[in-house]
Structure formats: structure tokens, C-alpha cells
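Asks: One structure is given below, represented as C-alpha cells, and several questions about it will come after.
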Amino acid sequence: MASRWTEVERVEQGALPTMLAQAVIAGTALTVGAIACSGFYLSMIADPKTGSPVVALVPWMAVTVLIAVVFSYVVGFALLWCAESFTNRMKETFKPWAYAVVGLIGYAIWGMFVMGTTMNSLDQAVNGVVLANQDILALTANYAVFGFIAFLLAQAYGAKLATRKTAVVALLIVQIVLAVFGGIVLFMIFGQIPSTK
């Protein structure tokens with residue numbers, strides 16, 4: 001850890017900041033998780049009578065990626081800093097697991113409140129219902145698992161990735177492009193709600 005909060009920790013001269021590489025790893029893992037589970041989330045807000053989805057899968061996938069990427073580079077940075085401070089004097093073998101617990105808690109809370117609210121807003125507007133308690137629990141547990149994995153990988157491989165600038169920049173650009181697309185899609189989805197009621 002850097003000796004002062006204004007300093008940036010780097011593995012070697014010319015490498016990217018370690019925390020940036022960690023955030024990119026976490027963002028990549030959470031993006032993959034969002035894409036993989038978008039159908040599962042969409043099934044929770046399907047029409048309760050017909051079972052038909054409220055939105056097509058690909059646009060919904062873009063929305064879930066937006067939510068994952070925003071977490072990674074806003075809340076995720078703060079949580080990575082907290083985890084680094086918390087594990088400063090911890091043995092190296094335990095650090096990835098401590099980071100993983102921080103990610104589990106942080107992303108579970110994010111999923112429950114942010115993703116849950118997004119899904120409820122859409123479900124209420126289209127179907128007139130909100131997520132059941134078991135759906136909220138399943139959503140939170142799913143987000144907790146991905147938060148655990150993402151932060152575990154971030155701590156374990158952040159220093160290695162920090163020396164590969166091209167890979168970091170490429171992954172970051174892909175995530176930003178997907179998130180911008182997700183923001184546009186989210187705006188369009190909610191813009192269509194009044195005309196579909």
C-alpha cells in the first residue's frame with residue numbers, strides 16, 4: 001500500500017496503477033456475470049400470467065452490463081481502496097479472500113438495491129407487480145457470488161495485469177462501450193413505458 005493516500009501504488013516503474021488493473025478485472029468479471037445471468041434476471045420480471053418477457057434479452061443484457069460497470073468504477077474503486085487498507089498488514093495468502101468478502105458484501109448490497117429497484121420499476125410499470133421476496137433473495141445471492149469472484153480475481157491478478165497496458169485499456173474500452181450502450185437502451189426502455197400501458 002502507498003505510504004500516503006495521494007500516492008499511487010504501482011508494481012514497477014511504467015506499470016499502470018494496481019488499483020486500476022484490479023478495477024478492470026472486477027469490471028470484466030462482473031460484466032461476464034451480468035451477461036451470463038441476464039436471462040435469469042429477465043425471467044423474474046416476466047408477465048406473471050403469460051410468462052412472456054417485458055423486454056427482449058439483448059437490450060436487457062445491455063442494461064445489466066451497465067449496472068455492473070457503474071458499480072465497478074464508482075463503488076468498486078471505493079471498496080478496493082477499503083479492502084487494500086483493511087488488508088495492509090494481512091498475510092499475502094489471506095488477502096484475496098478478504099478482498100472477496102468485501103466484494104461479496106458490496107456487490108450483494110448493490111444488487112439488492114440498484115438492480116432490484118431497476119427491475120421493480122420496470123416490472124411495476126409493465127406488469128403492475130414487483131419482485132417477490134424470494135426473487136430479491138435470489139438476486140442478492142447471485143450478486144454476492146459474482147462480487148466474491150470478481151474481487152478475489154482482482155486481488156489475485158491485479159499486479160500481473162497492471163504491467164499489460166494494452167490488455168487493461170482494451171478491457172476498459174469494451175466495458176465503457178457496453179455501458180454506454182446499456183445507458184442508451186435503459187433510457188429507451190423507460191421512454192417506451194407510457195406508450196405500452
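The values are calculated or read from the model by the stated rules, or taken from the named source; none is laboratory data. For clarity, every value in this text was computed on a predicted model and none was experimentally measured. Virtual Cβ from ideal backbone geometry, glycine too; neighbours counted across all protein chains shown. Side chains included, ligands, DNA and RNA excluded: accessible areas come from the protein's heavy atoms. Shrake-Rupley method; radii C 1.70, N 1.55, O 1.52, S 1.80 Å.
Asks: Given R₀ = 22 Å, FRET efficiency for Trp81-Phe181 by Cβ-Cβ distance, to 0.05?
Replies: 0.20
Asks: Counting alpha carbon pairs within less than 8 Å and at least 6 residues apart, what relative contact order, in whole percent, applies to the range 77-197?
Replies: RCO, the range 77-197: 30 percent.
Asks: Can you pull the percent of Cα pairs in the range 145-197 with separation above 13 Å?
Replies: 72 percent
Asks: Continuing with this model, one more query. Within the range 147-197, what whole-number % of the accessible surface is contributed by carbon and sulfur, with the 1.4 Å probe and all protein chains included in the calculation?
Replies: Within the range 147-197, the accessible surface is 76 percent carbon and sulfur.
Asks: Taking 25 °C and 0.890 mPa s as the conditions, I'd like the Stokes-Einstein D for the range 14-89 in µm²/s, using the Kirkwood hydrodynamic radius from alpha carbon pairs.
Replies: Value of D from the Cα-based Kirkwood radius: 174 µm²/s.
Asks: Kindly sort Val129, Val32 by accessible area of their heavy atoms, largest first, with the probe set to 1.4 Å.
Replies: Sorted descending by solvent-accessible area, the residues read Val32, Val129.
Asks: So what's the back-of-envelope 222 nm ellipticity for the chain, counting only DSSP H runs of four-plus at -39500 (n - 2.57) apiece and dividing by all residues, rounded to 500?
Replies: The helix contribution divided over the chain gives -25000 deg cm²/dmol.
Asks: Let me ask something else about it. In 10 Å bins starting at 0, how do the alpha-carbon pair distances of the chain split up by percent?
Replies: With a bin width of 10 Å, the distribution comes to 9, 34, 31, 16, 8, 1, 0.
Asks: Would you kindly find the accessible area of Phe40, with a 1.4 Å probe and non-protein molecules such as ligands, DNA and RNA excluded, rounding to the nearest 10 Å²?
Replies: 90 Å²
Asks: Now a separate question. What net charge do the residues around Leu171 carry, taking every other residue with its C-beta under 14 Å from that of Leu171, with Lys and Arg at +1 and Asp and Glu at -1?
Replies: Values: positive: Lys160, Arg164, Lys165; negative: none.
Local charge sum for Leu171: +3.
Asks: What does the extension gain come out to for Asn88 and Ala56, with contour length at 0.36 nm per residue minus their alpha carbon separation?
Replies: 7.0 nm
Asks: If I model a spin label at Gln124 and Ala141 as a point 7 Å from the Cα along the Cα→Cβ vector, what separation in nanometres do I get?
Replies: The modelled label-to-label distance comes out at 2.6 nm.
Asks: Further, regarding this structure: Counting only the heavy atoms of the protein chains, how much of Lys160 is accessible to a 1.4 Å probe, in Å² to the nearest 10?
Replies: 130 Å²
Asks: Can you tell me the equivalent ellipsoid semi-axes for the range 78-152? Use √(5λ) from the Cα gyration tensor, largest first, whole Å.
Replies: For the range 78-152, the semi-axes come out at 32, 11, 7 Å.
Asks: Still on this model: On average, how much accessible surface per residue is there in the range 106-178, in Å², for a 1.4 Å probe, leaving out ligands, DNA and RNA?
Replies: Numbers: 3570 Å² over 73 residues.
Spelled out: the 1.4 Å probe surface of the range 106-178, per residue, equals 49 Å².
Asks: Tilt of helix 76-86 relative to the longest C-alpha principal axis of the chain, in degrees (0 to 90, nearest 10)?
Replies: Orientation of helix 76-86: about 40 degrees from the principal axis.
Asks: Now for a separate question. Counting only the heavy atoms of the protein chains, how much of Trp81 is accessible to a 1.4 Å probe, in Å² to the nearest 10?
Replies: 130 Å²
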